[in-house]
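Accompanying notes for the structure given below.
Nothing in this text is a laboratory measurement; each read-out follows from the coordinates by a stated rule. From a predicted model like this one, the values you see are computed outputs, not experimental measurements. Here the Cβ is made from the backbone with ideal geometry for all residues, glycine too, and neighbour counts use every protein chain on show.
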Amino acid sequence: MKERLSTLYLDCKRAGPPNFIVDTVLRGVLGYQDGDRPPRLLRNNARLQALFAELHDPYAALSYGADWREAFVASPSLAVEVCYIHDLFHLARCLLWLRKYDLIVISHVATGDDMSLLLQYAHRFDRRRAPLVVFLGNEYDLLDEKIGFIRGVEAEFVCSQLPIAAAHALYRECEGSRILALPHALNPNQYCPIPNSARQVDIGFIGDIYWPFIGDRERTELIEWFEDHGSDRGLQCAIRKERVPREAWSRFLGGCKAIIGAESGTYYLNDRGRLLQRARAYNLYENQAADFDEVFDRFYQCEERTLSGKCISSRHFEPIGTKTCQMLLKGHYNGILEADRHYIAINKDLTNINEAIERFRDESYRTQMVEETYDYVLSQHTYAHRVEHLLGMVTSTARAECSTEASRSATVSEGT
């Protein structure tokens with residue numbers, strides 16, 4: 001293979017269908033960037049102001065989108081062209097010349113919330129000569145469409161954030177694809193220790209509160225406990241139920257001694273996520289006022305947890321990069337983080353929460369955990385490691401195919 005693989009990286013800066021004027025004309029043709037304003041002479045035009053207001057990245061608060069993209073671009077093994085799929089001129093040009101690429105990657109963000117554009121252009125991937133790698137975002141949503149796309153384009157590799165057993169079960173219909181467990185990781189360039197940082201907050205949290213349709217309240221109950229009782233235990237808590245860009249998130253982490261959290265995802269990927277989709281549709285579109293008990297009783301009360309999607313997320317690596325301790329609900333975390341070694345473990349029923357707080361107060365214990373976890377993740381679990389691992393899989397598969405083809409040719413020659 002070439003010293004540097006010519007790589008097409010398909011990414012996204014819009015949730016939903018494209019806006020031709022915004023994504024193709026303003027971004028692609030005219031080169032405007034997120035946050036730019038109209039030319040001074042046209043700023044009184046309300047329609048133009050509205051179009052420019054759409055020049056923002058709805059995924060800016062999802063750090064992993066930029067982290068994965070930057071890791072691919074920075075790889076010394078790759079020469080990467082990034083194409084934002086809603087820039088229709090650029091997308092068409094890339095798909096027209098698809099055969100020039102040695103590797104094609106579709107990002108989590110491009111497959112996360114809307115598959116319509118990828119499905120529309122799926123037939124164009126037949127032109128490729130290179131392996132196609134599909135990263136899957138939101139592995140509880142649009143699974144029929146995502147699996148249909150993977151099968152239709154015959155993607156060589158499917159990269160899942162889930163533990164490998166769950167990924168194999170969920171994508172078992174993708175017979176021709178190699179399923180890889182490739183969870184999120186640490187971007188040490190963005191999330192790093194802040195020298196002489198004054199960590200004035202004891203326990204911090206920033207993030208969304210999960211909707212009831214997820215099917216459990218474990219994480220929410222942990223957040224609410226510290227919100228309601230943290231000050232009673234003499235703890236300075238900062239609980240913010242919102243999303244923030246990665247720069248603000250990194251600064252927040254640098255000011256906290258510990259962050260609370262739990263595994264990402266849902267316990268209920270039953271029936272290839274269709275159960276959760278029914279609950280989601282009801283909760284978001286029919287009855288947003290429904291509380292957890294109502295949604296749970298309607299959809300999950302009689303259901304077994306046949307396929308769990310609980311997994312580690314990027315939010316578990318970012319505190320490690322800033323050397324911020326984590327107090328997490330006990331879980332598997334893809335086998336990467338170990339309870340009471342890499343994080344202070346709290347039982348899911350919160351029965352040991354006072355003990356966990358006492359361990360948090362032990363500064364030498366907390367510091368040793370943070371330092372050892374930082375060294376461990378930095379040595380094995382950065383985005384650069386993930387990209388290197390993926391390229392190793394791609395290369396080894398290509399070599400195996402070449403070897404098989406050579407053996408087949410030799411056998412034919414001997415037969416003649």
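Points to keep in mind about this one:
- Taking the charge dipole of segment 5-181 about its Cα centre, with +1 at Lys and Arg Cβ atoms and -1 at Asp and Glu Cβ atoms, the residue from L91, V25, A60 reaching farthest to the positive side is V25.
- Within the shell defined by Cβ-Cβ distances under 12 Å, the residues around L275 carry a net charge of +3, with Lys and Arg each +1 and Asp and Glu each -1.
- Placed amide H near G204: partners under 5 Å, 5+ positions off or other chain: A238, A258, I259, I260
- Only helices enter the 222 nm calculation for the chain: every DSSP H run of n ≥ 4 contributes -39,500 (n - 2.57), and dividing by all residues gives -11500 deg cm²/dmol, rounded to 500.
- Electrostatic dipole magnitude of segment 5-181 [Cβ: Lys, Arg +1; Asp, Glu -1; Cα centre; debye, to 20]: 660 debye
- Charge context of A262, other residues only, Cβ under 12 angstrom, K/R +1, D/E -1: +2
- Identified option (computed Rg/Rh (Cα atoms, Kirkwood Rh); candidates (i) 0.95; (ii) 0.99; (iii) 1.03): (ii)
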